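Asks: What follows is a single structure, and I will ask about it in a moment.
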Amino acid sequence: MKYQHILVALELTEENKVLINKAIAMANTFNADVSFIHVDGAVGEVYSQLIDIQQDPTQKPLNQHANDLLHKFQNYTKEQFPDFPIKHFWVGTGSLGSKLKKVIEQHEYDLLICGHHHDFWSNMVSYSRDLINKSPIDILVVPMES
């Protein structure tokens, strides 16, 4: 299958660079677009809409620490892949699984990339499992260092 628009689910960790690198390598292979999404489930659903911080960098949807990390991922991508623009960077609150269907349908994503840790807590509470159960598109689950 030739993917056209890849969506990468990011956490607020440095390990996201593995996902970003993999997504852009795949996008270069398929001549696809790449977008990012981060949904903070720790604060509940403060607002129902996703904000595109790629299109409007003045938006500050989360606390300062989280916003700084999100911008760090944007900067990493610009520095490592200067000729590869990120199309959208969606940020929101609530449950990523519940936000996926709508954003996927609206923007015609056809591959979701997410990470999965192989540790005790990830075996007990897997966020990847929720994405797999709710995603209407193909998913690439990338093992992450714990």
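A short reminder: the numbers here are calculations on the coordinates, not readings from a lab. Quantities reported herein were computed from a predicted structural model and do not represent experimental measurements. Glycine gets a Cβ as well: all are built from the backbone with ideal geometry, and neighbour counts include every protein chain shown.
Asks: Using amide H atoms built in the peptide plane, which far-off residues or other-chain residues are under 5 Å from L140 H to H?
Replies: For L140, whose amide H was placed from the backbone, the distant partners under 5 Å are L112, I113, C114.
Asks: Note down the relative contact order for segment 1-46 as a percent, whole number, built from C-alpha pairs under 8 angstrom at least six residues apart.
Replies: The normalised contact order for segment 1-46 reaches 50 percent.
Asks: I've got another one for you. Could you give the DSSP H helices of the chain that reach 18 angstrom or more along their long axis (alpha carbon positions) and whose average Kyte-Doolittle hydropathy is no lower than -1.0?
Replies: Values: long enough: 16-30 (21 Å, 0.54); 64-80 (24 Å, -1.68).
TM-like helix candidates: 16-30.
Asks: Ok, one more. Assuming a ≥ b ≥ c are the square roots of the Cα gyration tensor eigenvalues, decide whether segment 1-51 counts as rounded (a/c under 1.5), prolate (otherwise, with a/b larger than b/c) or oblate. Walk me through the intermediate numbers first.
Replies: Working: a/c = 4.09, a/b = 1.80, b/c = 2.27.
Oblate, since a/c reaches 1.5 and b/c is not below a/b.
Asks: Where a ≥ b ≥ c are the square roots of the eigenvalues of the C-alpha gyration tensor, would you call the chain rounded, which needs a/c under 1.5, or, failing that, prolate if a/b is larger than b/c, or oblate? Intermediate results must be reported in sequence, preceding the final value.
Replies: On the way: a/c = 1.23, a/b = 1.06, b/c = 1.16.
It comes out rounded by the Cα gyration axes.
Asks: For the chain, what does -39500 (n - 2.57) per DSSP helix run (n ≥ 4), summed and divided by total residues, give at 222 nm, in deg cm²/dmol to the nearest 500? Display every interim value, and only then the final one.
Replies: On the way: 5 runs with 57 residues, N = 146.
Taken over the chain, the calculation gives -12000 deg cm²/dmol.
Asks: Could you please report the charge total around K17, scoring K, R as +1 and D, E as -1 over all other residues with beta-carbon less than 12 angstrom from its beta-carbon?
Replies: Charge balance near K17 sits at -3.
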